[in-house]
1. Counting only helical runs of four or more DSSP H residues, what would the 222 nm mean residue ellipticity of the chain come to if each run contributes -39,500 (n - 2.57) and the total is spread over all its residues?
2. By how many nm would the segment from Val75 to Leu38 lengthen if fully extended, with 0.36 nm per residue of separation less the alpha-carbon distance?
3. Under the classification rounded if a/c is under 1.5, otherwise prolate if a/b is larger than b/c and oblate if not, where does region 1-70 fall, given a ≥ b ≥ c as square roots of the Cα gyration tensor eigenvalues?
4. Compute and list, largest first, the equivalent-ellipsoid semi-axes of the chain from the alpha carbon gyration tensor, each √(5λ) rounded to a whole angstrom.
5. Roughly how large, in nm² to one decimal, is the mean projection of the convex hull of the alpha-carbon atoms in region 77-183?
6. Quote the charge dipole size of the chain about the Cα centre in Debye, to the nearest 20; the model charges only the Cβ of Lys and Arg (+1) and of Asp and Glu (-1).
7. Using the basic label-point model (7 angstrom from Cα toward the beta carbon), what is the Phe202 to Val61 distance in nanometres?
8. With the other protein chains left in place, how much accessible area per residue, in square angstrom, belongs to the chain at a 1.4 angstrom probe?
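The values are calculated or read from the model by the stated rules, or taken from the named source; none is laboratory data. Just so it is clear, the model here is predicted, and its values are computed rather than measured. Virtual Cβ from ideal backbone geometry, glycine too; neighbours counted across all protein chains shown. Note: accessible area is taken over every heavy atom of the protein model, side chains too, but ligands, DNA and RNA are not part of it. Shrake-Rupley method; radii C 1.70, N 1.55, O 1.52, S 1.80 Å.
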Amino acid sequence: SAILAVIGVGLLFVYAHFELYRTCGFFWPELAVPSMTLAWFAFGLFLLACARLVPGSWPIVLLTVAGAGMLFKLVVVDMNGWDLGTDRWIYERPYTAGLALVRFADFGLCLALLAAVFAQVRGRSPGRPIGLTAGIAALALLFLYLTLELNTALDHFLPGLRAGAVTLLWATYALVLLMFGLHRTVRGLRYAGLAIFTVVVFKIFFS
């Protein structure tokens, strides 16, 4: 019965893709592709519930595939639609409140699902590596989102402050990771904070 439920929800997931794309795209074309992240988020929550209630490893496997697909959609499809320029790492479209809100919602849904997977799965023996991977991915994705959004906003409104503000953001992010890692005695967070601090120092002196 659990497998039949997954198949049914999977069909609903495919239907929701087309419906969200056509409906949201009708009202605002910029929202057509990002809106489909809602379907991925809901499907991920369903698989997370299955992983908690249904014995076996197949819900964890499906959850891993769904999480990877959601990240692929965000990083490869959605960000490409926002004209990400990898030479300066900014979105090259005009900076508007509407697009900024769409990016916030898109990244936010992905971060929320990764955080939920980390919180619910990391303590269980079969899915512990998946939970830890989701936590690391969430931290990296948050770092990427904050960097790109701040970089783009300052490039459009205060270009002279762009480099210094990004450096300050990175230093603050590293400090938060370091303090949280010391408080919770999480070695990985401490190492990540120190690594970002090292990058900040090199950025200050060489860039």
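1. Estimated from H runs of four or more residues: -26500 deg cm²/dmol.
2. 11.8 nm
3. Prolate.
4. Listed largest to smallest, the semi-axes of the chain are 32, 26, 10 Å.
5. 7.9 nm²
6. Computed about the Cα centre, the dipole is about 820 debye.
7. Those two pseudo-labels are separated by 3.9 nm.
8. 58 Å²
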